[in-house]
Amino acid sequence: MPLSTQSQADIDQYILIASLDNARNLSNILKAISSRDHAIFNATQNGLKVTVEDSKCLQANAFIQADIFQEYIIKEDTVGFQVNLTVLLDCLTIFGGSTVPGVCTALRMCYNGYGYPLTLFLEEGGVVTVCKINTQEPEEPIDFDFCSTNVTNKVILQSDSLKEAFSELDMTSEVLQITMSPSHPYFRLSTFGNSGNAHYDYPKDSDMMELFQCTKIQTNRYKMSLLKPSTKALALSCKVSVRTDSRGFLSLQYLVRNDDGQICFVEYYCCPDEEVEEE
């Protein structure tokens, strides 16, 4: 493969190298968080974490473990930079993002350190394209302080059931209300849109419910405009974990299986819009 013909001297200059036989395994997971132009990349020995934020109320994280990559070399404890995510996705799909069986775009992604561009070597059918994307110093991501010890309620659902709920709820609603309770209605999604109020309930013994752990009744509302981007991750995922903490902050963690059957995670954190008093 032409990418493998890069000289050792070329390779040695980089502090981060990540290679994939199938670039779709990166582009698909990045599309799941692409609600804003800029993304913060943080690389460690464990892999890549890519973060996108929206108005300090929403944070989306994509986790791509090191063993997803066919080659993953990092020469520092942590490497961070910020890039334009729209431009990066355009480059990753420069060959059209072919879904033809047996036809893949290979990727080698290289970074030389502060002030240098992110360099992509993309190869398909013997043709190599080199893209250089300007990087910026990464901003410090917001710490939502979402700690597992403060989680009050948690459910794990098969994604198909949540897709069905979103197709039936009124998406003209400004908010999505989530009720979680140890007793009826257990797990309820509610909208208040142009066509009236709608509720979608999940019994705790539903076949679609893999885990139900609720310790207190909690009802919170979240801005629909903030949650809509997470449906991109939902569409790719096979399971979703829904958690709320004592402050009403929401965590949506999506388990995504890539083209090669490997597992990646996408997580969304969202601030509550308002707390609803129980009647």
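The values are calculated or read from the model by the stated rules, or taken from the named source; none is laboratory data. From a predicted model like this one, the values you see are computed outputs, not experimental measurements. For neighbour counting, all protein chains shown are included, and Cβ atoms are generated from backbone atoms with ideal geometry for every residue, glycine included. Calculation scope for accessible area: heavy atoms of the full protein, side chains included, ligands and nucleic acids excluded. Shrake-Rupley method; radii C 1.70, N 1.55, O 1.52, S 1.80 Å.
Taking the helices alone, the chain has a mean residue ellipticity at 222 nm of -4000 deg cm²/dmol, built from -39,500 (n - 2.57) per DSSP H run of at least 4 residues and averaged over all its residues.
The magnitude of the dipole of the range 46-93, with charges of +1 and -1 set on the Cβ of Lys/Arg and Asp/Glu and taken from the Cα centre, is near 100 debye.
Distance from the C-alpha centroid of the range 34-72 to that of the range 109-141: 15 Å, rounded to the whole angstrom. Close amide H contacts of residue 113 (hydrogens built in the peptide plane, cut-off under 5 Å, sequence separation of 5 or more or a different chain): 15. Rolling a 1.4 Å probe over the protein heavy atoms leaves residue 53 with an accessible area of roughly 50 Å². Of 31, 75, 232, the residue with the greatest mean-square motion in the GNM of the chain, using alpha carbon springs below 10 Å, is 75. For the listed residue pairs 75/239; 132/223; 49/75; 75/132, the alpha carbons are over 25 angstrom apart in 75/239; 132/223. The apolar share of the surface of the chain, taken as the fraction of accessible area on carbon and sulfur atoms (1.4 Å probe, ligands and nucleic acids excluded), comes to 47 percent. Each residue of the range 16-31 is assigned a 3J(HN,Hα), and the resulting list reads 9, 9, 9, 10, 9, 6, 9, 4, 4, 5, 9, 4, 5, 6, 6, 4 Hz, derived from the Karplus form 6.51 cos²θ - 1.76 cosθ + 1.60 (θ = phi - 60°), x at Gly and Pro. Just need the relative contact order of the range 8-136 here, percent rounded to a whole number, with Cα pairs under 8 Å and 6+ apart. About 30 percent, as a whole number.
For residue 56, the aspartates and glutamates whose Cα comes closer than 14 Å to its Cα, not counting residues fewer than 8 places off in the same chain, are 139, 140, 143, 145, 273.
With all protein chains kept in place, the per residue accessible area of the range 167-279 amounts to 49 square angstrom at a probe of 1.4 angstrom.
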